[in-house]
Structure formats: structure tokens, C-alpha cells
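The values are calculated or read from the model by the stated rules, or taken from the named source; none is laboratory data. Just so it is clear, the structure is predicted and the values come from calculations on it, not from any experiment. Cβ placement follows ideal geometry from the backbone for every residue including glycine, while neighbour counts extend to all protein chains displayed. Just the protein is used for accessible areas: all its heavy atoms, side chains included, with ligands, DNA and RNA removed. Shrake-Rupley method; radii C 1.70, N 1.55, O 1.52, S 1.80 Å.
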Amino acid sequence: MTHDLKAERAGLGRRLDVRRGTVDMTHGSGGRASAQLIGELFAKHLTNEWLAQGHDGAVMPPIVQPVAVSCDAHVVKPLFFPGGDIGRLAVTGTVNDVAMCGAKPLWLSAAFILEEGFPLADLEKIVISMAETAKEAGVAIVTGDTKVVEKGHGDGVYIATTGIGERLTDHLVSGKAARPGDIVLVSGSIGDHGMTVMSLREGMTFGTTLVSDCAPLGRMVEAIVAAAPNVHVLRDPTRGGLG
């Protein structure tokens, strides 16, 4: 019997100690410890009718309009920051990428890469944040995956998400559709999220409190398309999006 299997069997029959426990290698083994982590932490907070199917994937209802798909990998340091955390960022980032296609986001998948030794209490905070943000965005996280890497080979948590949505327009919304004379509308201030994270990472202080503005924009895009059905381009201001 390997050390991991011994540890896994020793833990059988006990509830997951979320308050004091940490991620260990058995949580990524695909065995009973993995099932316990999924059932007592992930499914507890992310539950919905599609996730409850309990498969490696999810069977979704048909979509009438063309499908928009986007995927993103989320790495941020620190994991928690004013205005959000990596969980909120993972949902909003992909939901917004789908919305920028002129589409209504519907479903998400989420894959977690966890570092051995990461506190389960912090993982639960991240999962709760994802659940709350998904509800705010009007989407469901319908399938996912969890892997564990050895201590020192990760940065706590990495999250990769894929979003699926239904196109709202009769034409393709794209940067290639931009035309001279187009009116550019900016929905908020620029650089809030980037400066918030950078200030924490670099120990910088300012004369004001910085708060990330990461938020789901799907409903705002629906309103834009309703008011201006011929909109040419939509962008969220991340890493050159506005430029």
C-alpha cells in the first residue's frame, strides 16, 4: 500500500475538516478522498441540476441561437484582494469574455489545480465566492475537475474556466467590425483591478483605497444590445482590451 493510499483509507469515515485541514495529494487521486472533497466542499456550494448529474461532464439543454465559447486560465497573486479573489475573477473573466462576443453567458466549467498544503478554509472561501458570483451573473457552473500538485510546484490555486453562451445579435461582434467614426463608450474607470492587485503585490500605497472592479457584465451587454442592436465591438478592459 502506498503512503497516499494509507492516508486516504485512514481518513475514511471522517468528515472533511474544512476549518483546520489542508489539501493533500489524495484529494487529486480520483479516489474516495477526491470524492469527499468534491461532495463536501465543491458540490455543497456550487450545486445545481446539471452538476448534480454527477458525471465527468454535463448534458445541457439545446441552444437556439449560435453558440459563443471562451476559455481562460486564472493566476493571481495575492489570491484575495479588495473587491474580490481568484474565485470571483475566474467567473467574471470568462463570463465577460463570452458577453464580449455579443452573447448571453449560460454555463461554466471550472478546473482547479491545487497545491498540496493549501488550507481548505481558504479553498472554501474561493468556492463560495465563485458560487455567489455565478449567481450574480446568472450562470451555472455545470462541470469541473480537480488536480493536486506537490507543495512548492504551484501558487496555492490555479483555476481554468470555460464559458458557453447564446449569441444575442444577428451579426458577429468583433474588433474586425470597428469602423472610423464609431462612438466609443466606456462604462467605468480604467485600471482599478490591475492597480489594486499590483499595489498589494509590490507593497505600494496611495492616497486613496484601491478596490478591484471585477464584476460580471452579461446583463449590461444585454441592455447594450437591446438599445444598440448594431453594436460593432465589445471589450472588457483587461490586458489591452480597451486599447
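Please compute one quarter of the surface area of the Cα convex hull for the range 70-120 and express it in square nanometres.
Values: hull surface 17.5 nm².
Computing the convex hull of the Cα atoms and averaging its projections yields 4.4 nm².
Which lysines does K125 reach when only Cα atoms under 22 Å apart count, and residues fewer than 8 places away in its own chain are ignored?
List returned: K44, K77, K135, K147, K151.
Just how large is the dipole of the range 137-243 about the Cα centre, in debye to the nearest 20, putting +1 at every Lys and Arg Cβ and -1 at every Asp and Glu Cβ?
Its charge dipole is roughly 180 debye.
Accessible area of D97, 1.4 Å probe, to the nearest 10 Å²?
Approximately 40 Å² for this residue.
May I ask you to give the solvent-accessible area per residue for the range 140-243, in square angstrom, as obtained with a 1.4 angstrom probe? Before the final figure, lay out each step's value.
Details: 6590 Å² over 104 residues.
Accessible surface, normalised per residue, equals 63 Å².
Using a 1.4 Å probe and counting only protein heavy atoms, arrange C71, C214, C101 so the residue with the most accessible area comes first.
In descending accessible area the options line up as C71, C101, C214.
State to the nearest 20 debye the size of the charge dipole of the chain about its Cα centre, where the only charges are +1 on K and R beta carbons and -1 on D and E beta carbons. Walk me through the intermediate numbers first.
Working: 22 positive and 27 negative charges, 29 e Å.
Using Cβ point charges on Lys, Arg, Asp and Glu, the chain gives about 140 debye.
At a Cα cut-off below 17 Å, give the aspartates and glutamates reachable from K176, other chains included and same-chain residues fewer than 8 away excluded.
Cα-Cα hits under 17 Å: D97, D236.
Label R14 and A228 with points 7 Å out from Cα along Cα→Cβ: what is the distance between them in nm?
Distance between label points: 5.8 nm.
Could you check the spin-label model distance between E136 and I183? Points 7 Å from the Cα along Cα→Cβ, value in nm.
It is 2.9 nm.
Show me, bin by bin at 5 Å from 0, the whole-percent P(r) of the chain based on Cα pairs.
1, 6, 12, 16, 17, 14, 12, 9, 6, 4, 2, 1, 0, 0, 0
Picking from I128, G102, G117, whose Cα lies most toward the positive end of the charge dipole for the range 91-133 (charges on Cβ: Lys, Arg +1; Asp, Glu -1)?
Farthest towards the positive pole: G102.
At a threshold of 8 angstrom on Cα-Cα distance, excluding pairs fewer than six apart, so keeping six or more, what relative contact order does the range 1-155 reach in percent?
33 percent
If R0 is 30 Å, what FRET efficiency do you get for A35 and H153 from their C-beta distance, rounded to 0.05?
0.80
Could you check how much of the accessible area of the chain is carbon and sulfur, as a whole percent, using a 1.4 Å probe? Spell out each step's value before the answer.
Numbers: 7600 of 13620 Å².
Summing carbon and sulfur atoms, their accessible area is 56 percent of the total for the chain.
Work out which helices of the chain, taken as complete DSSP H runs, extend at least 18 Å along their axis over the Cα atoms and score a mean Kyte-Doolittle of -1.0 or more, then list them.
86-99, 120-137
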